[in-house]
Amino acid sequence: MKRRNMLTSLLLLIFTLSALGLDFSSATPRKVLLADFCAQNQTPTGGFTDTINGTAEEITEFTTYSNVYVLSIVDPEFEKISTDLSLTKNWFADKVDLFIEGNNRIPEMVYAFEGALLTNGSVEDLNTDGAFGKIENFLSSIDNGFAGGESIESNVIDTAFAVKFFNLTDTMSALPSTTDATKIANFLISCYDASTGAFKGSPTGFESLIDTYFALDALNILGQMDLVDDTMKTAIASYVEANYISESDNLRHYGGYSLTTTNVQSSLMATFYSVSILDLIGSETHPETLSWVLDRQNPLDYGFSDYSDQSTLPSSAKLSYYAVSTIQILDSEAFSDSRSAVMNEEKWEIESNGWVIAAIWIGSIGLIVVVGILVYKYKNRI
């Protein structure tokens, strides 16, 4: 009886060890692995590269913002950042000052401004008045659009980022009395091309998916989406859907969107803009798109990457930002603490550590054999 109890206890121990092996090998959710990827992109300067082991030339306002934004979603306490968080906040603040001193690119400044806020900064910590004054200099009194950088003509993207800045700082009312939300919205609407169902980069420019997104996003922030009527929404949806890759046999790209109809290769950037546009106009998205985006998480370093025709490209912080933002639209619970949330899925760890579990079982079976032999010898001892 004792030997039977011993054998039963041994089997229970084996099952326990196997269960522990499974738990340890599957204890890292998708979002934690993604946080690890972004944390590896930080540099001693406070800025972040776009890729692991990236060079200093890779560090921009957008790459740093992308990493910080993703971390704010998957690691809200920024526990993965090994340096003092204020270092990154100050890096962003310096970029805001650089804009005021001479850099004329509005988007870069707004990414820096928003990044500073994400890293526990406040509007009061930054030179908001100086940034506002600089942006105001780019306001056109003729069409109420904005033209920063090297652009002479008012354009959608500079206007959209100016609007975002005013929203972040609650400074819209400080604009000249001749300019208000409605007039800025009218400028944006003047860039709409009814023949294509898309927005052009400027009244005399060319239409694009990116400009369409920024125009609609700015109109939404301004509270002027009623200017986009049902006819426009239908045309915009058709424009976006023309870039959807619906061929299910095209496994690498099925469910994603391409930037143009002539380039039938899905990308995370194009998919983000497309899904965001459809969301802004209240149009339905495809359920396959979420699966496509999730499949772009790279098992090599757990950031997100696009496919090329030959191979999977290295993971990118910018693409990870587009992926996370798209997932948030398609699944509002994806990053919640719920065990069933898709970004809590423990996908690769179980597969890659199956050998750990196998080793436990093989070792345990060997132990049973040894014990069995010893018991047999003891029972039949001479």
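The values are calculated or read from the model by the stated rules, or taken from the named source; none is laboratory data. Everything numeric here is computed off the predicted structure, so don't read it as measured data. When we count neighbours, we look across all protein chains shown, and the Cβ atoms used for this are built from the backbone with ideal geometry, even at glycine. Accessible surface areas use protein heavy atoms only, side chains included; no ligands, DNA or RNA. Shrake-Rupley method; radii C 1.70, N 1.55, O 1.52, S 1.80 Å.
Some notes on this structure:
- Residue in segment 231-250 that is touching a residue at least 12 places away in the same chain (Cβ under 8 Å) and more than 29 Å from residue 288 (Cβ to Cβ) present: no
- If the condition is being among the hydrophobic types (A, V, I, L, M, F, W, C), open to solvent by 10 Å² or more (accessible area, probe 1.4 Å) and in contact (Cβ under 8 Å) with a residue 12 or more places away in the chain, then segment 202-215 contributes 210, 214.
- Residues of segment 242-278 satisfying the condition of being within 16 Å of the chain's Cα centre (by Cα) and open to solvent by 30 Å² or more (accessible area, probe 1.4 Å): 269
- Filter pass, residue 132 being assigned to a helix (DSSP H, G or I) and either in contact with a Phe, Trp or Tyr (Cβ under 9 Å, 6 or more places away or on another chain) or crowded, with 18+ Cβ neighbours inside 10 Å (or both): yes
- When residue 86 is tested against (1) assigned to a loop (DSSP other than H, G, I, E, B); (2) at pLDDT below 95, only condition (1) is not met.
Per-residue answers, yes or no, for (1) over 21 Å from residue 168 (Cα atoms); (2) modelled with pLDDT of 95 or more; (3) open to solvent by less than 50 Å² (accessible area, probe 1.4 Å):
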site	(1), (2), (3)
217	no, yes, yes
222	no, yes, yes
229	yes, yes, no
232	yes, yes, yes
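- Restricting the first member to segment 101-112 and to residues that are β-branched (Val, Ile, Thr), and the second to residues that are open to solvent by 40 Å² or more (accessible area, probe 1.4 Å) and part of a helix (DSSP H, G or I), the beta-carbon pairs closer than 9 Å and six or more apart or on different chains are 106/157; 110/164; 110/168.
- Among the criteria (1) surrounded by fewer than 20 Cβ atoms within 10 Å (Cβ to Cβ); (2) touching a Ser or Thr at 6+ places or on another chain (Cβ under 7 Å); (3) closer than 30 Å to residue 40 by Cα; (4) of a type outside the set (Ser, Thr, Tyr), the one residue 153 does not fulfil is (3).
- Residue that is most open to solvent (accessible area, probe 1.4 Å) [pool: residues in segment 33-51 that are within 17 Å of the chain's Cα centre (by Cα) and more than 17 Å from residue 305 (Cβ to Cβ)]: 42
- Residue within segment 295-305 that is assigned to a helix (DSSP H, G or I), closer than 25 Å to residue 42 by Cα and more than 10 Å from the chain's Cα centre (by Cα) present: no
- Residues located in segment 52-77, provided they are modelled with pLDDT of 95 or more, open to solvent by less than 40 Å² (accessible area, probe 1.4 Å) and over 14 Å from the mean Cα position of the chain (by Cα): 59, 61
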